[in-house]
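Below: the structure, in structure tokens.
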Amino acid sequence: MSDFKWTRKDLLSIYDLSAEEIIHILDTAEEFKKVSQRRVKKVPALRGKTVVNFFVEPSTRTRISFELAEQRLSADIINIATESSSLKKGETLLDTVKNIEALQVDLIVMRHSATGAPNFLAERLNCGVVNAGDGAHSHPTQALLDLFTIREKKGSFKGLNVSIIGDIRHSRVARSDMWGLLKLGANVTFAGPATLVPEEFRELGVRVCHNLPEALEGADVVNLLRIQHERQRSGFFPSIGEYSGIFGLNESVLKYMKPDAMIMHPGPINRGVELASALADGERSVILEQVTNGLAVRMAVLFLVAGCLK
């Protein structure tokens, strides 16, 4: 691990982080990944700390990964869902979380459908806040686990070509991955229908294309995103079948990919839509490795953020 000193009590977005901070998290996660390879998969790093997982939006991988990371770090854990909270009775989000903080908790891991909700709370709380995904805005730990997996497989980011394909418009993963990859020196391509890949992204240093073969050619990493129907208020393409036929990654388009290009997906996968099952489960896929690496990354984030609490 480097001698770099972490100074943030919150992790809210990749945009906020410097390249040095990102690398420090990845290096720390590398050490924590070794913990899960031991016979006894636990360390006392957060013993005496209380972490609240407050998921106001549904989640499987992220929620379970955070909870397991907290257990591996020996933290005390409280899980709260919207259905079991006073939000259902009309209490404001801030009042709910202020009452949670009054119980002397140390960290709140939050997922919310409203963009900026974790930032809003972090400015008003003394306890640490970790963003587990907010609207279409940010998903920092997903980006970090993607970066960790890419570094593990490819070694370096400098000059690496990464194509992210799918529903970019509504994707917090695409935005978070983009900032991380650009900060570390990779080249990023966004691809999909013009309605789902706005041209404005070019202004941020991203290559935009609306042709799958063009997006695949020369790519070292191909990251597929699902169509996020829950965030769409109108149709952005005629049909799922048409989308899959033009932008779905299947065996018929493998000829456009480099032999060593790897396939990623943040999950959940809509099999047969953005990604064929044969490729999702094939030798190029690192999807389950992303899930494994997510545990190490979240252990690292919790450890670093907790270390800055007063």
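The values are calculated or read from the model by the stated rules, or taken from the named source; none is laboratory data. Owing to the predicted nature of the structure, the values given are computational and were not obtained by experimental measurement. Heads up, the Cβs are rebuilt from the backbone with ideal geometry, glycines too, and the neighbour counts pull from every protein chain shown. Side chains included, ligands, DNA and RNA excluded: accessible areas come from the protein's heavy atoms. Shrake-Rupley method; radii C 1.70, N 1.55, O 1.52, S 1.80 Å.
Being touching a Phe, Trp or Tyr at 6+ places or on another chain (Cβ under 6 Å) and in a strand (DSSP E or B) is the filter here; which residues of the range 165-198 pass it?
Result: 190, single match.
Can you tell me which residues in the range 81-106 are within 22 Å of residue 294 (Cα to Cα) and free of Cβ contacts under 8 Å to residues at least 40 places away in the same chain?
Correct list: 81 only.
Here is a yes/no grid of residues against (1) without any contact (Cβ under 8 Å) to a residue 40 or more places away in the chain; (2) open to solvent by less than 10 Å² (accessible area, probe 1.4 Å); (3) assigned to a strand (DSSP E or B); (4) out of contact with any strand residue (DSSP E or B) (no Cβ under 6 Å at 6 or more places or on another chain):
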{"position": "124", "(1), (2), (3), (4)": "yes, no, no, yes"}
{"position": "129", "(1), (2), (3), (4)": "no, yes, yes, no"}
{"position": "142", "(1), (2), (3), (4)": "no, no, no, yes"}
{"position": "149", "(1), (2), (3), (4)": "no, yes, no, yes"}
{"position": "152", "(1), (2), (3), (4)": "no, no, no, yes"}
{"position": "158", "(1), (2), (3), (4)": "yes, no, no, yes"}
{"position": "163", "(1), (2), (3), (4)": "no, yes, yes, no"}
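Return the residues of the range 1-49 that are aromatic (Phe, Trp, Tyr) and in a loop (DSSP other than H, G, I, E, B); say none if nothing qualifies.
4, 6, 15
Output the helices (runs of 4 or more DSSP H) that fall wholly within the range 231-310 and possess 1 or more residues being modelled with pLDDT under 95 and buried (at least 19 other Cβ atoms within 10 Å of the Cβ), or say none.
The qualifying helices (runs of 4 or more DSSP H) are 240-247.
Considering every residue within the range 44-57, establish whether at least one is exposed (fewer than 15 other Cβ atoms within 10 Å of the Cβ) and among the acidic types (Asp, Glu).
no
Return the total of residues in the range 41-80 being touching a residue at least 60 places away in the same chain (Cβ under 8 Å), among the β-branched types (Val, Ile, Thr) and farther than 20 Å from residue 292 by Cα.
Total satisfying the criteria: 2.
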